[in-house]
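**Student:** I'd like to ask you about the structure that follows.
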Amino acid sequence: MRDVILYITLVLNVVSMGALIAGILMHSGRGGGLSDMFGGGGGAALGSTAAERNLNRITFVFALIWIFTLLALSFLLPVI
């Protein structure tokens with residue numbers, strides 16, 4: 001049973017890490033970020049703020065999942 005939980009936690013960790021990387025790369029730097037990526041430009045300022053806010057929340061959730069699975073893996077992995 002411990003091995004099943006270990007593998008599920010490991011898969012969750014890797015998936016959340018990939019989603020965290022993708023979420024961070026979609027954030028805006030000096031440009032418009034997510035809104036410019038899909039052709040929004042400067043005129044779509046209202047839509048881009050909502051998209052950026054939601055992207056911030058989603059990235060934060062994936063960061064929490066990654067941290068908690070990392071802590072869980074530290075307890076689940078056998079010590080050699």
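The values are calculated or read from the model by the stated rules, or taken from the named source; none is laboratory data. As the structure is a prediction and not an experimental result, all values here were calculated from the model. Cβ sites come from the backbone with ideal geometry, for glycine too, and all protein chains shown count toward neighbours.
**Student:** Could you tell me which numbered condition Gly40 fails, if it satisfies all but one of (1) modelled with pLDDT of 65 or more; (2) surrounded by 12 or more Cβ atoms within 10 Å (Cβ to Cβ)?
**Tutor:** Status for Gly40: all satisfied but (1).
**Student:** Related question: Hey, can you tell me all the residues within segment 43-55 that are assigned to a helix (DSSP H, G or I) and either at pLDDT below 80 or surrounded by 12 or more Cβ atoms within 10 Å (Cβ to Cβ) (or both)? Spell out the reasoning first.
**Tutor:** From segment 43-55, those assigned to a helix (DSSP H, G or I) are 45-55; that's our starting set.
Across segment 43-55, the qualifying residues are Ala45, Leu46, Gly47, Ser48, Thr49, Ala51, Glu52, Leu55.
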